[in-house]
1. Provide the solvent-accessible area of V126, counting protein heavy atoms only and rolling a 1.4 Å probe, rounded to the nearest 10 Å².
2. Rounded to the nearest 0.05, what FRET efficiency do I277 and H6 have when you use their Cβ-Cβ distance and R0 = 45 Å?
3. Compute the signed sum of charges (Lys and Arg +1, Asp and Glu -1) over the other residues within less than 13 Å, Cβ to Cβ, of L48.
4. Hand me the trypsin sites (Lys or Arg not before Pro) from the range 64-98 located in a DSSP loop with no more than 16 other Cβ atoms within 10 Å, in residue order please.
5. Set the bar at 21 Å for Cα to Cα. Now go through K4/K215; K49/K113; K179/K218 and name every pair that lies beyond it.
Amino acid sequence: MNKKLHVIYVGSFFVVGLAVLVLLAINGYQYYSTPIEERFFDPSHAALKPSGACGHGFGIIGTLMMIFGVAIYMIRKRSRKLFTFGYLKHWLEFHIFLCTVGPILVLYHTAFKFGGIVSVSFWSMVLVVLSGVVGRFIYIQIPRTIQGKEIDINDLASMREDLIEKMKLEMLFDVRQIKELDELASPERYKSLNILDTLLLYFKDFFQVRSFLSKLKKNMAAAGFSKIKKKEIINKAQAEIILSRRLGMLRTMQNLFRYWHVAHLPFAIAMFVIMIIHVIVTITFGYKWIL
């Protein structure tokens, strides 16, 4: 999948997810904003209540999306036979899409009424989604091959050294900016940081890197660099800073990712176990959808 196709692939997920959220909100605003004790008299009650044609359908479709999203990603990740069947990061993006839209549908299935043991499953689902956002952030900080395999720290260091050599050859026109780049791209800045310090450094880096790149562009324009050459140098500078950050934080992020699994998995298990109990009870009491 080339870059353009990948943008369309991810963009379609975003558009579909946003459309589902907006359409459900607009269509059901009057009903969901009505006090619970008065909803029985609302014309939409028969369709949008948890056991209604639409409300029940939201629950079924949302649940199936989450089960399918988790299952296909786990199978692709652990099966050697499927190792070359698409890139892992693309499967992860599909997993994130299904496990984001699925909970939205389940939320509307509840009609924003939470109670009993099912509420445990719902809040577990919320925690799974929130921890998934955190997990995604940690995941992208760990350098990987295009197939999703973690890059060894020695390989990462070697990649950075090669990039530094090329970068310095491009920037011989300004020694001061080479020094500034060396400071920004030093892996030592990111080592032995706690989570709060890491977040603060990310925030600080955002402005420092933008300021550095802005000055770099002005200097290249003054030096008469072509548009293509300027873009190439900017990309290399950004790549060096990102590689250095990931090299410095590699061990920290790997450890955080292990701890994240310990926190993420129990919530997911609790969510699915109670969800299965909820489905069994629903079927036992004779609730049926349109089928």
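The values are calculated or read from the model by the stated rules, or taken from the named source; none is laboratory data. Note that this is a predicted model, so its numbers are computed, not measured. Here Cβ is always computed from backbone atoms with ideal geometry, including for glycine, and neighbour counts include all displayed protein chains. Please note that ligands, DNA and RNA were not included when accessible areas were found on the heavy atoms of the full protein model with its side chains. Shrake-Rupley method; radii C 1.70, N 1.55, O 1.52, S 1.80 Å.
1. Result for V126: roughly 40 Å² accessible.
2. E between I277 and H6, to the nearest 0.05, is 0.70.
3. Residues close to L48 contribute a combined charge of +2.
4. R80, K81
5. The pairs that break the limit, which is 21 Å between Cα atoms, are K4/K215.
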